[in-house]
Amino acid sequence: MSNPETKLKLYGEKCKELLHESEIRFAGIVDKDGQLIAGGFKEGLVPHEGDETRLQSFLEFVSKASIRKEYDESLGPINYLAARRDKAVLVSFPFPITQILLLISAEPTANIESLAKKVVEIFTDVS
């Protein structure tokens with residue numbers, strides 16, 4: 001599946017699948033520059049005030065953090081980064097080969113490990 005458009009469509013479908021999870025508010029694929037290239041907010045969801053602006057700055061931060069490699073040799077690559085906030089849980093999953101990442105925003109009650117397992121299930125066949 002080397003066609004970039006086909007891959008983007010697949011990523012979009014996988015993000016939609018994640019949005020079926022009740023606690024997930026946002027699932028998107030972000031490129032190395034922090035730009036959203038697939039996915040988005042759950043349909044019909046009213047984002048928290050300033051969500052999109054904050055999300056953009058978080059995307060930039062996470063994309064920089066996720067592609068850092070200095071500890072990969074000693075500790076292994078990053079599987080995911082998670083931040084638990086009062087109003088949301090934010091989790092990012094880097095795809096190192098393509099230098100993109102999946103970002104999820106979920107309700108503050110979400111179990112991060114369960115979310116991570118679900119993401120792995122859904123994205124297992126995506127490289």
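The values are calculated or read from the model by the stated rules, or taken from the named source; none is laboratory data. Everything numeric here is computed off the predicted structure, so don't read it as measured data. When we count neighbours, we look across all protein chains shown, and the Cβ atoms used for this are built from the backbone with ideal geometry, even at glycine.
Contact list please: Cβ distance under 6 Å, first residue in the stretch 10-28 and at negative phi, second residue of a type in the set (Asp, Glu), pairs at least six apart or on different chains.
If the second residue must be of a type in the set (Asp, Glu), the pairs left are Glu23/Glu107.
Tell me yes or no: at least one residue of the stretch 77-95 is over 24 Å from His20 (Cβ atoms) and at pLDDT below 80.
Looking for residues that are over 24 Å from His20 (Cβ atoms) and at pLDDT below 80, one finds none in the stretch 77-95, hence no.
Could you please find all residues in the stretch 111-127 being assigned to a loop (DSSP other than H, G, I, E, B) and among the hydrophobic types (A, V, I, L, M, F, W, C)?
Within the stretch 111-127, Val126 is the sole residue that qualifies.
All but one of (1) in contact with a helix residue (DSSP H, G or I) (Cβ under 7 Å, 6 or more places away or on another chain); (2) modelled with pLDDT of 80 or more hold for Gly34, so report the exception by its number.
Just one mismatch for Gly34, condition (2).
Return the residues of the stretch 85-110 that are closer than 13 Å to Ile24 by Cβ, in a loop (DSSP other than H, G, I, E, B) and in contact with a helix residue (DSSP H, G or I) (Cβ under 9 Å, 6 or more places away or on another chain); say none if nothing qualifies.
Correct list: Ala88 only.
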